[in-house]
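Contents: one structure, followed by commentary.
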Amino acid sequence: MAVMSIAMLAMTTALLSNAAQAQTSPSGSGAKTAPSTIGTKPPAATRRESGVPGHYDKREEVQAFIKMMAERHRYDPETLQKTFAAVRKQPDVLRLIAPPSRTYKRSWEDYRTRFLDRTRINGGLEFMQQHRATLERAAQIYGVPVEVIVAIIGVETIYGRVTGSFRIIETLTTLTFDYPRRAEFFSGELEHFLVLTREAGIDPFEPRGSYAGASGLPQFMPGSIRRYAVDFDRDGRIDLQGSVADSIGSVARYLAEHGWVPGGPVYYPTRIASEDTLQPLIDAGIEPRYTSGELSGFGVQVIGSVPDGTRMALIDLPNGDNPTTYLLGARNFYVVTRYNRSSFYATAVLELAEALKNGQAQ
Ligand SMILES: [Ca+2]
């Protein structure tokens, strides 16, 4: 995330672009502590060449990009020229990233059914058991609960089972030069990606990821790898595809760096007197601003005991033609949306975390 998970994508183009949006534009100042590799495991199923000839090396914008890379990173222009000559354009990527049609009605209940399933719950309990020591070390260092780290990896890639099969170089080139509305963002990610692969000494055609260029168990975009990923197994390199420990540490660090409050609440159920008074709260967005006292002025009651001074935001989760689900998100709810800018996503992650916590206690 960090992130753009294949699992999410496949099921809903509605929430797309959330993951990609989770990344800020690249500053180039990576918090990287070791050379990184991105997902390099070549999936057997995609050995066949996909896409269409791109002729990127013939394009003026690509030449400008190569020049920038040479100036800013001393990247060899000839190497890049050859790379872009070989990149195939990926129409599937453009299809997948396109915003949903206006007639599409999002449904939290449908989304929830897909993510709070047996596979993710049982897989998560197994993952927790298997990586207990590493998870506890991450929780201790970064203050993020074990089950939240596990739930993110579960929602993103079903614990590493589905990490994406697009060549990242082709995804990011296609999105940079053939998807004008996000060109600036993806150009920054392409820049990070090329720097990362050069540092790691790997062929840029090797790493695979989602249709947005996210990779590994936690589906980090290249910029997030440079800024937040950690070498948590201390083998001297960051590997979010091959190392579960690096993935666990990186998810925890990502959330900590985005303001996770150790021991803080995530969200509360709510009782709503009338939807007529809610619009100002919805317009105020998902950043937590209101105390329980202020919320009651809008006819919104918090269910549960809330620590003094806790601020919350009204989160609305539409259900197509059925009544909207509401909850009150605290700071840590907001932090999860920094991983992937979607309230559906954050709620699914936190509900899965809760299920894992309870399942473990049984
Ligand atoms: Ca490592």
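Quick look at the numbers
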read-out: Answer residue from segment 237-250, given it is over 24 Å from G188 (Cα atoms) and surrounded by fewer than 24 Cβ atoms within 10 Å (Cβ to Cβ) and is nearest to the ligand (Cβ to nearest atom) among those; value: S243
read-out: Residue in segment 252-266 that is at pLDDT 95 or above, under 30 Å from I97 (Cβ atoms), of a type in the set (K, R) and in contact with a Ser or Thr (Cβ under 9 Å, 6 or more places away or on another chain) present; value: no
read-out: Lone unmet requirement of (1) within 21 Å of the chain's Cα centre (by Cα); (2) at pLDDT 95 or above for F115; value: (2)
read-out: Candidate set: segment 253-272, residues that are aromatic (F, W, Y) and touching a Leu at 6+ places or on another chain (Cβ under 9 Å); chosen: the one surrounded by the fewest Cβ atoms within 10 Å (Cβ to Cβ); value: Y268
read-out: Segment 202-225 - residue that is among the aliphatic types (A, V, I, L, M), surrounded by 21 or more Cβ atoms within 10 Å (Cβ to Cβ) and within 16 Å of the ligand (Cβ to nearest atom) and, of those, nearest to R137 (Cα to Cα); value: L217
read-out: Matching entry among R198, R234 (being over 21 Å from P99 (Cβ atoms), within 16 Å of the ligand (Cβ to nearest atom), charged (D, E, K, R) and surrounded by fewer than 21 Cβ atoms within 10 Å (Cβ to Cβ)); value: R234
read-out: Residue identified as within 16 Å of the ligand (Cβ to nearest atom) and among the aromatic types (F, W, Y) among Y228, Y267; value: Y228
read-out: Failed item, numbered, when E189 is tested on (1) at pLDDT 95 or above; (2) within 16 Å of the ligand (Cβ to nearest atom); value: (2)
read-out: Subset of segment 147-186 (residues that are without any contact (Cβ under 8 Å) to a residue 12 or more places away in the chain and not basic (K, R)); value: P180, A183
read-out: Near pairs, Cβ below 8 angstrom, 6+ apart or cross-chain, from segment 53-81 (small (G, A, S)) to any residue that is part of a helix (DSSP H, G or I); value: G54/F84; G54/E170; G54/T173; G54/T174; A70/P77; A70/L80
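The values are calculated or read from the model by the stated rules, or taken from the named source; none is laboratory data. A quick note: this is a predicted structure, and the numbers were derived from the prediction, not measured. Counting neighbours? That spans all protein chains shown, and the Cβs are built from the backbone with ideal geometry, glycine included.
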